[in-house]
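Down below is the structure, laid out as structure tokens.
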Amino acid sequence: MSITNIIIFNWPQTHNPPNPPTTTYLSTSMSSTQILPTFSFNTTAEEVGNIFADEIRGKTVLITGTSLKGIGFETARVIAKYAKLLIIAGYNEERLKLSEDAIKKETPSANIYRLTIDLSSLASVRKAAAEINALPDPLHVLINNAAATRTGFTLQLTADNIELQYATNHVGPWLFTNLLIPKLLASSPQNYTKPRVIFLSSDTHYWGPGVDFALLEHPTAREREAEFDAFKTYWGTKCTPILTASEVTRRTGGRVAGFSLAPGMIFTGALEEPAVAEVLKAGGFLSAEGKPVEEHPWKTLEQGAATTMTAAFDTRLEDKGGTFLSDCNIKDAAEHSTDPVRTSVESCV
């Protein structure tokens, strides 16, 4: 099967959202036990977790990309307080152990399972999925948080002949999700909301033209290598979560709810990498000393993980699978990321 066949979806044409994007706020409402507030830019993961603690209790949650100083770790830290089982996944066993130790230092009762997975390797993804499927525990929520960010103009391919960022940010997570869908479908008891799959996108998806299918299909073509820009490619990989969240919802007939989201601009450990920092300095997002420039809307890690927590557990989203979230509320995604048919045609022209 070609890479395009993994990604292109047989959908009818859909209406594109208006531009500029609008936000639909999850209104204040009364649940069976409490008043649910309207969240915002300033909401933290801790606040969302506290409100939906009963929704998290008893669940098994798997999250990828949980290294210290990242929003995946902050998300995992909060979930671990309540979940029956938290599975943290990443390619580096040492980092996984550090994250587990940090979480258990705060929450000694946390039940944590470490899963080694290299999302850039299809073989590793299949092996990791088989390991999870062999566990007796159900799986209620899958959070595809991990991502790779590169800069420069050198094309880097994986062993599967896929551009590294597309492999790590889309093809790997999409395959992983597909292999775990049966387990998710089997774990929807009466007393829980339907299973959910979360895909982390980014506000950078607005910046580019969409998914680069030509790069996916013919990554070694001479013109592709000559035109390659790693940062612009990253923008394209952040369009795919929006498409795939909708597709998960569609393919399962709504029995699994897929959500995509932009966590916001957060100063994570990844932004301290020299090559990435230089690009952000040039764009005026970081100072010459590598610190966040306050005129931009930077979030703390705690605020950055809040939208992931909302997508995973907010009961007001129960029948809103396929939507895109930002600042803990529903937001219109870019036009090129909301219609798979249009995306596939325009990207190949």
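The values are calculated or read from the model by the stated rules, or taken from the named source; none is laboratory data. Quantities reported herein were computed from a predicted structural model and do not represent experimental measurements. Note that each Cβ is placed from the backbone with ideal geometry, even for glycine, and that neighbours are counted across all protein chains shown. The area values use the complete protein model at the heavy-atom level, side chains included, leaving out ligands, DNA and RNA. Shrake-Rupley method; radii C 1.70, N 1.55, O 1.52, S 1.80 Å.
Once the chain from Asn92 to Lys69 is taken as fully extended at 0.36 nm per residue, the excess over their C-alpha distance is 6.8 nm.
Listed values for the range 82-99 are Karplus-derived 3J(HN,Hα) couplings in whole Hz (6.51 cos²θ - 1.76 cosθ + 1.60, θ = phi - 60°), namely 10, 5, 5, 8, 10, 9, 9, 10, x, 8, 10, 4, 5, 5, 4, 5, 4, 5, and x replaces Gly and Pro. Ranked by the mean number of other Cβ atoms within 10 Å per residue, highest first, peptides 100-108, 114-122, 238-246 order as 238-246, 114-122, 100-108. Highest mean packing comes first when the peptides 285-292, 307-314, 64-71 are listed by Cβ atoms within 10 Å, giving 307-314, 64-71, 285-292.
Length available on full extension from Ala134 to Leu157: 0.36 nm per residue minus the Cα-Cα distance, which gives 5.2 nm. For Met265, the residues whose amide H sits under 5 Å from its own are Lys299, ignoring neighbours fewer than 5 places away on the same chain, with H placed 1.01 Å from N. The mean accessible area for residues of the range 100-190, using a 1.4 Å probe and ignoring ligands and nucleic acids, is 43 Å² per residue.
Count Lys and Arg as plus one, Asp and Glu as minus one, and take only other residues whose Cβ is under 12 Å from that of Gln303; the net charge is then -4.
Spacing of the modelled spin labels on Ser40 and Arg57, each 7 Å from Cα toward Cβ, amounts to 3.0 nm. Under 5 Å between amide H atoms, partner at least 5 residues away or on a different chain: which partners does Ile143 have, H built in plane at 1.01 Å? Under 5 Å from the amide H of Ile143: Leu62, Ile63, Thr64, Ile198. Apply 1/(1 + (r/R0)^6) to the Cβ-Cβ distance of Asp229 and Lys291, taking R0 = 22 Å, and write down the FRET efficiency to the nearest 0.05. Result of the calculation: an efficiency of 0.30.
Once the chain from Leu185 to Ala214 is taken as fully extended at 0.36 nm per residue, the excess over their C-alpha distance is 7.1 nm.
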